[in-house]
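What follows is a short report on a single structure.
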Amino acid sequence: MEEEKIEDIEIRLLLEALYRRYHYDFRNYAQASIKRRLRQARERLGLRTFSAMQDKLLHDPAAAARVLRFLTVQVSDLFRDPGYFRAMREKVVPHLRTYPSLKVWIAGCSAGEELHSFAILFREEGLEDRTLFYATDINQEALETAARGIYPLERIAAFTQNYRQAGGKASLSDYYTTGYGGAVFDKSLRERVVFSDHSLVTDAVFSEMQLISCRNVMIYFDKPLQDRAVGLFRDSLARGGFLGLGSKENLRFSAHASAFTEFVREEKIYQRGKG
Amino acid sequence: MIAAEARAVAIGASAGAIQALLQILPVLPADYPLPVLVVVHLPPGRRSELVTLFAAKCKLRVAEGEDKDPIAPGTVTFAPPDYHMLVEAGGTVSLSRDEAVFFSRPSIDVLFESAADAYGPGLVGVVLTGANEDGARGLVAVAEAGGVTIVQDPATAYARAMPEAALAKCRQAQVLSIKDIAAALLEVGQP
């Protein structure tokens with residue numbers, strides 16, 4: 001037991017050090033999952049304790065950069081959870097059609113899979129020309145991958161299956177060419193996208209979004225940080241705007257639950273109150 | 001068995017899981033005082049039928065874990081497909097989509113290691129039938145935290161690789177038949 005407590009002290013101090021030295025703030029991440037990633041990072045560094053890891057990361061920016069990338073990287077798929085995109089297409093899009101211009105925020109876009117899914121969906125629904133997408137993440141490398149739009153060919157079979165199940169109207173292969181050892185998604189899909197380094201932990205609101213999709217990002221946050229992020233989404237959404245969460249996330253325990261209504265309950269799509 | 005200290009039960013199962021769990025979970029009474037957390041390896045991308053199946057057979061409440069759900073006594077919580085399920089020290093569920101462990105998400109190791117952190121000697125870890133090595137490392141974490149470790153007798157398992165791997169890493173674990181595992185869980189739930 002004593003051993004456990006020492007480790008928890010060390011982790012707190014390590015996260016504090018990462019924040020002060022590199023301005024990455026994991027202090028309010030869900031303890032169990034950040035601890036697990038830190039243990040993996042420590043094993044890769046070949047270090048025995050988190051205190052030794054703190055020493056290493058404070059004095060070795062290159063090692064710290066690798067660890068920070070590891071702590072912030074996420075992997076997704078195109079049209080992951082096809083039911084979510086089907087609900088967007090069938091239930092949310094009819095509302096979005098009534099707006100002359102649209103702003104959509106993909107918060108925590110990682111390598112851009114979700115962004116490309118929405119760009120394709122909006123093109124097929126004829127909304128693309130009136131839409132501006134904001135794609136944000138704290139991992140610079142992931143943002144660069146998102147902006148390139150190249151994915152390994154071995155992932156395409158799963159993407160294609162998801163696309164069909166999500167109600168895709170064409171063939172996914174219409175949107176990419178093969179080259180550079182991967183599937184290169186058409187750059188016109190990213191013409192109306194602003195990529196930006198943005199942290200849900202420390203940064204401020206965007207304005208007047210009609211749709212925010214933030215899936216499986218807040219599962220890594222503790223409760224107070226989740227409240228901050230959901231507050232940010234509430235303030236960034238236009239009245240009547242939509243918020244999409246991951247399939248196992250919900251606003252039940254959120255401090256801001258009353259600002260939202262369930263719009264498509266089973267797909268975790270919420271609508272900001274109009275009042 | 002250190003019955004007085006038990007605070008939670010964590011179970012991991014892979015190939016043959018449903019049949020094995022059907023001999024354990026329905027045995028537990030409605031007033032069972034411990035939370036029961038379960039990882040079953042499932043193919044990703046499919047909706048889990050586990051809750052429907054076991055809710056019909058169990059006296060306990062059966063649910064699929066959602067992010068930040070409070071972990072409640074007398075409730076069986078299954079890890080949702082395609083997520084790791086972890087336990088926070090405050091007694092809530094955390095989910096993650098970190099990479100698969102032994103090609104599995106959810107992973108038994110991930111649940112056991114976090115539950116061992118959260119419950120220490122109050123955790124009972126059970127590794128059942130399966131055809132891979134998930135759970136072995138996690139069971140070691142349970143033992144190191146002072147918890148109770150139980151492995152299904154490989155000779156009685158539908159697939160013996162997983163219990164064998166767990167025993168190879170965690171030699172002090174009790175080796176029990178399914179029926180005896182159910183009895184042991186009833187016993188740790190005694191006041």
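The values are calculated or read from the model by the stated rules, or taken from the named source; none is laboratory data. Small disclaimer: the values here were computed from a predicted structure and weren't measured. Note that each Cβ is placed from the backbone with ideal geometry, even for glycine, and that neighbours are counted across all protein chains shown. Calculation scope for accessible area: heavy atoms of the full protein, side chains included, ligands and nucleic acids excluded. Shrake-Rupley method; radii C 1.70, N 1.55, O 1.52, S 1.80 Å.
Within the stretch A:102-161, if we keep just the residues that are among the small types (G, A, S) and assigned to a strand (DSSP E or B), the residue that is nearest to A:H23 (Cα to Cα) turns out to be A:A107.
Being open to solvent by 10 Å² or more (accessible area, probe 1.4 Å) and either more than 19 Å from B:D69 (Cβ to Cβ) or not in a strand (DSSP E or B) (or both) is the filter here, so list the residues in the stretch B:88-103 that pass it.
Of the stretch B:88-103, the ones open to solvent by 10 Å² or more (accessible area, probe 1.4 Å) are B:88-92, B:97, B:99-103.
If the condition is that a residue be open to solvent by 10 Å² or more (accessible area, probe 1.4 Å) and either more than 19 Å from B:D69 (Cβ to Cβ) or not in a strand (DSSP E or B) (or both), then B:E88, B:A89, B:G90, B:G91, B:R97, B:E99, B:A100, B:V101, B:F102, B:F103 are the ones that fit.
Taking A:L96 as the residue in question, decide whether it is open to solvent by less than 20 Å² (accessible area, probe 1.4 Å) and either within 14 Å of chain B (Cβ to nearest Cβ) or within 21 Å of the chain's Cα centre (by Cα) (or both). No, not satisfied.
For (1) within 14 Å of chain A (Cβ to nearest Cβ); (2) among the charged types (D, E, K, R); (3) touching a helix residue (DSSP H, G or I) at 6+ places or on another chain (Cβ under 7 Å), each residue gets a yes or a no:
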residue: B:T52; (1), (2), (3): no, no, no
residue: B:R61; (1), (2), (3): no, yes, no
residue: B:G65; (1), (2), (3): yes, no, no
residue: B:G74; (1), (2), (3): no, no, no
residue: B:Y83; (1), (2), (3): yes, no, no
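Of all the listed residues (A:G46, A:G83), the sole one being among the small types (G, A, S) and within 30 Å of A:G244 (Cα to Cα) is A:G83. Against the list (1) farther than 25 Å from B:G65 by Cβ; (2) of a type outside the set (V, I, T); (3) free of Cβ contacts under 8 Å to residues at least 12 places away in the same chain, the condition B:Q174 fails is (3). Would you please name the residue that is nearest to B:V188 (Cα to Cα), looking only at residues in the stretch B:119-136 that are without any contact (Cβ under 8 Å) to a residue 60 or more places away in the chain and assigned to a helix (DSSP H, G or I)? If we take residues in the stretch B:119-136 being without any contact (Cβ under 8 Å) to a residue 60 or more places away in the chain and assigned to a helix (DSSP H, G or I), then B:G120 is nearest to B:V188 (Cα to Cα). Among the residues of the stretch B:82-103, not a single one is closer than 17 Å to B:L123 by Cβ and of a type in the set (F, W, Y). Here A:Y29 clears all of (1) touching a helix residue (DSSP H, G or I) at 6+ places or on another chain (Cβ under 6 Å); (2) open to solvent by 30 Å² or more (accessible area, probe 1.4 Å) except the condition numbered (2). Could you tell me whether any residue of the stretch B:73-87 is surrounded by fewer than 20 Cβ atoms within 10 Å (Cβ to Cβ) and part of a loop (DSSP other than H, G, I, E, B)? Yes, the conditions are met somewhere in the stretch B:73-87.
Looking across the stretch A:1-26, just one residue is open to solvent by less than 30 Å² (accessible area, probe 1.4 Å), away from chain B (no Cβ under 14 Å) and part of a loop (DSSP other than H, G, I, E, B), and that is A:D25.
Quick grid of which residues meet (1) in contact (Cβ under 8 Å) with a residue 12 or more places away in the chain; (2) open to solvent by less than 20 Å² (accessible area, probe 1.4 Å); (3) out of contact with any strand residue (DSSP E or B) (no Cβ under 7 Å at 6 or more places or on another chain); (4) of a type outside the set (S, T, Y):
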{"position": "A:A41", "(1), (2), (3), (4)": "yes, yes, yes, yes"}
{"position": "A:R48", "(1), (2), (3), (4)": "no, no, yes, yes"}
{"position": "A:A52", "(1), (2), (3), (4)": "no, no, yes, yes"}
{"position": "A:L58", "(1), (2), (3), (4)": "yes, no, yes, yes"}
{"position": "A:L68", "(1), (2), (3), (4)": "yes, yes, yes, yes"}
{"position": "A:A107", "(1), (2), (3), (4)": "yes, yes, no, yes"}
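Count of the stretch B:26-50 residues, restricted to those that are outside any loop (DSSP other than H, G, I, E, B) and either crowded, with 22+ Cβ neighbours inside 10 Å or modelled with pLDDT under 95 (or both), is 6.
Just one of B:V127, B:V110, B:V142 is more than 14 Å from chain A (Cβ to nearest Cβ) and either open to solvent by less than 20 Å² (accessible area, probe 1.4 Å) or within 25 Å of A:E7 (Cα to Cα) (or both); which is it?
On the way: B:V110 fails: more than 14 Å from chain A (Cβ to nearest Cβ); B:V142 fails: more than 14 Å from chain A (Cβ to nearest Cβ).
None of the others qualify; the one that does is B:V127.
Scanning the stretch A:202-223 for residues that are open to solvent by 20 Å² or more (accessible area, probe 1.4 Å), away from chain B (no Cβ under 14 Å) and β-branched (V, I, T) gives A:T202, A:V205.
Among the residues of the stretch A:177-201, those that are closer than 20 Å to A:L127 by Cα, open to solvent by less than 40 Å² (accessible area, probe 1.4 Å) and either among the basic types (K, R) or assigned to a strand (DSSP E or B) (or both) comprise A:F185, A:R190, A:V193.
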